[in-house]
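Read-outs throughout are calculated quantities, based only on the coordinates presented, and are distinct from any laboratory measurement. All values reported here derive from a predicted model rather than from experimental measurement. In this analysis, Cβ positions are derived from the backbone assuming ideal geometry, glycine residues included, and neighbour counts consider all displayed protein chains.
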Amino acid sequence: MTLRSRQDLVTRILAYNVQVNGERIDSAGSSFHRLCDRLDRAGVRFGDIVVLSGLQGRDLVVAAMAVWQLNAVPMPVPVPEPCPGEQAAQALVSACRVTGDLSVLPAAPGHRTDPLDSTAVIHMSSGSTDRPKAARRGLHSVLMDAEGYRSGLSLAPGDCVAVPVPLVHSFGWGIAVGALLSGCDIDVTPFVRAGTLSRKADSGTVSVLALTPPVARLLVGTRRQGESAPRAAMAGAGPVSDELDEAFQKRFGVPLLRGYGSTETGGTLFGDRGMGVPVPGVDVVEPSPGERGELVLRLAAPVEGYLGDDQEPLREWHTGDVVRRGTDGCVHFEERVRGPLRLNGRFIRADVTEQALRSVPGVTDVFLVVLPRSDSPETEDFYSVVEGTASEEDLLAALAAASAQTPVPRVVVCDRLPRTTVGKRDRGALIEMVRKGSRCE
C-alpha cells in the first residue's frame with residue numbers, strides 16, 4: 001500500500017484490526033469516532049497543527065489517529081508544557097488542542113498558519129543540551145522508523161508489543177506507531193509497578209518489550225510469575241551496560257537489544273551491542289570503520305527540521321555524538337560533541353573543561369552550563385555538575401592542570417545526574433541543582 005497522506009496511515013493501521021490495550025481503535029462507541037467529530041466541528045483542516053496536551057497511553061494513540069484522519073498534524077506535549085522557541089510557543093498557545101480528558105479546544109480566533117504538507121508529527125526535543133525544539137517528522141520518516149523497528153524486532157501480526165514508556169517522547173511514540181504499522185497489537189499502559197509489567201511478560205500477554213534502561217533495571221529485580229518469556233526486548237533512549245544485559249537475560253531469557261535515534265530522525269541504529277548498526281534506509285557517512293569521530297548519517301527520509309524555520313530538508317544528519325565505529329559496522333557511543341560555550345560575551349573551550357573532568361577516576365558523567373547571576377543577570381557564571389565518586393579536590397586539581405585559557409567552573413558533585421523518564425539528562429533539574437548547590441560570590 002502506497003502512503004501519500006496522513007489519512008493513509010490511519011487506513012493502513014485500521015486495516016490490520018489491531019488492538020490498543022485490548023480494544024480496537026475504531027470499535028463501536030470508541031473515543032476515536034467522537035474525537036474525529038469534535039475535531040471536525042472545531043474547524044481542523046488539512047495541515048493544521050493540533051496540540052495533544054498531557055495525554056498518555058491509549059488516549060494519546062487514539063488522539064493522534066483522529067488528527068491524522070482529518071489530515072492534520074498531531075503535536076504531543078507533556079504537562080507542564082515545555083518552553084520552546086517563538087514559533088513553537090505560538091502553536092502551543094493558539095492551535096487547536098486536545099486535553100487530558102479528551103476535550104477539544106478550538107484554535108484561537110484568527111489563528112491560521114500555512115498548512116504543513118508532508119509533516120506527519122511534531123515532537124518536542126528533550127532540551128537536555130538546549131531549550132526544547134519542535135522537530136517536524138515527515139511521513140516518509142515515520143514509515144522508515146516503522147520499518148526499522150519491524151525489521152530489528154522481527155515484528156509480525158500476532159505480536160503484542162508493550163510500550164510502557166512515555167509516548168509523548170519520540171522513542172515511545174515511534175515504536176508504538178511502528179508496531180501498529182506492522183500489524184501488531186500494543187499495550188501502552190504507563191509504567192507504574194515493575195511487577196505488573198513483568199507479569200504480562202511471564203504470562204505471555206505481551207511478546208515484545210520496549211523499555212528504557214531504568215525500566216529494564218527495575219524489571220530484573222522482579223520474581224517470575226509464569227512460564228512464558230518475551231520473544232524480544234529492546235532498550236532505547238539511554239546506554240545499556242553489559243551487567244544490565246546479563247541480568248536481564250538471566251531474568252527473562254532474552255538479551256536487551258539496543259536502539260538509538262533522535263527526535264529529529266526517529267530510530268536510526270538497532271542491534272545487540274553498543275548503539276547498534278544502521279536500520280534500513282540509513283547509512284553511516286562518518287566515521288569510517290575502525291575510526292572515531294562525530295556520527296554523521298545519510299537518511300533515505302529527509303529531516304524536515306524545526307517548526308518555523310525555512311531550512312531545506314536535509315539528507316545528512318550530524319548527530320552531535322562522538323562514536324567509535326567497529327570494523328564490523330557496530331557503533332559505540334563515547335561522548336557528546338561539546339561546542340564552544342559563550343561566557344560573558346566570549347566563547348570558551350568547554351570541550352577542554354569536560355575532557356579534564358572526565359579524566360578524573362570515579363567520574364561517570366559531566367554537565368556544563370553557563371547561567372546568569374540571579375542578583376545581577378548581566379553577569380554570567382560557569383558551572384560543572386559532575387556525576388560520580390571523585391572528590392571536589394581532585395576535580396579542581398584536574399581543572400587547574402588544564403589549559404590556562406579555559407575558565408575554571410564552579411563544581412557541583414552528585415551521585416547521579418537527574419534524568420528524564422526516557423533517560424535523557426534533565427536540564428531543568430540540573431540547573432535547579434546548580435542554583436541550590438552553589439553560591440555565587
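Return the long-range amide H neighbours of residue 263 (sequence gap of 5 or more, or a different chain), with a cut-off of under 5 Å between placed amide H atoms.
Amide H neighbours of residue 263: none.
From the alpha carbon gyration tensor of segment 216-374, can you work out the equivalent ellipsoid semi-axes (sqrt of 5 times each eigenvalue) and give them in Å, largest to smallest?
32, 23, 17
Residue by residue through segment 216-232, which ³J(HN,Hα) values in whole Hz follow from phi under the Karplus form 6.51 cos²θ - 1.76 cosθ + 1.60 (θ = phi - 60°), with glycine and proline marked x?
4, 4, 5, 5, 5, x, 8, 8, 5, 10, x, 9, 7, 9, x, 6, 7
Which order do the peptides 231-244, 354-367 take when ranked by the mean count of other beta-carbon atoms within 10 Å per residue, highest first?
So the peptides 231-244, 354-367, ranked by packing, come out 231-244, 354-367.
From the phi angles alone, apply the Karplus equation (6.51, -1.76, 1.60; θ = phi - 60°) to segment 289-297 and give each ³J(HN,Hα) in whole Hz, x where the residue is Gly or Pro.
With coefficients 6.51, -1.76 and 1.60, one gets x, x, 10, 10, x, 5, 6, 10, 10 Hz.
Just to be sure I understand: of the beta bridges DSSP finds with both ends in the chain, what percent are antiparallel, rounded to 5?
65
Over segment 137-209, what is the mean sequence separation of C-alpha contacts under 8 Å (at least six apart), divided by residue count, expressed as relative contact order in percent?
Worked out over segment 137-209, it gives 36 percent.
So what is the relative contact order for segment 341-437, in percent, with contacts set as C-alpha pairs under 8 Å and at least six apart?
Relative CO of segment 341-437 lands at 25 percent.
For residue 322 and residue 196 in one chain, what is 0.36 nm times their gap in residues minus the Cα-Cα distance, to one decimal in nm?
Full extension from residue 322 to residue 196 adds 41.6 nm.
What's the ranking of 12-23, 282-293 by average number of surrounding C-beta atoms within 10 Å, highest first?
Per-residue Cβ counts within 10 Å, averaged per peptide and sorted highest first, yield 12-23, 282-293.
Just order 307-317, 215-225, 58-68, 249-259 by mean Cβ neighbour count inside 10 Å, highest at the front, would you?
For the peptides 307-317, 215-225, 58-68, 249-259, the packing ranking is 58-68, 249-259, 215-225, 307-317.
Okay, helix-only estimate at 222 nm for the chain: each DSSP H run of n ≥ 4 adds -39500 (n - 2.57), divide by all residues, round to 500 deg cm²/dmol; what do you get?
Computed ellipticity for the chain at 222 nm equals -8500 deg cm²/dmol.
Out of residues 5 or more away from residue 320 or on other chains, whose amide H comes under 5 Å of its own, with H placed 1.01 Å from N in the peptide plane?
295
Using the Cα gyration tensor of segment 219-294, with a ≥ b ≥ c the square roots of its eigenvalues, what is the shape: rounded (a/c below 1.5), prolate (a/b larger than b/c) or oblate (neither)?
Prolate.
Let a ≥ b ≥ c be the square roots of the eigenvalues of the Cα gyration tensor of segment 341-437; is it rounded (a/c under 1.5), or, if not, prolate (a/b larger than b/c) or oblate?
oblate
With contacts defined as alpha carbon pairs under 8 Å and 6 or more residues apart, what's the relative contact order of the chain in percent?
Relative contact order of the chain: 11 percent.
Taking the alpha-carbon centroid of each part, what is the distance from segment 32-92 to segment 135-152 in angstrom?
Segment 32-92 and segment 135-152 have Cα centres separated by 20 Å.
What spacing in nm lies between the two simple spin-label points modelled at residue 225 and residue 334, each 7 Å away from Cα in the Cβ direction?
For residue 225 paired with residue 334, the spin-label model returns 4.4 nm.
What residues qualify as long-range amide H neighbours of residue 419, i.e. H under 5 Å apart, gap of 5 or more or another chain, H built at 1.01 Å from N?
426
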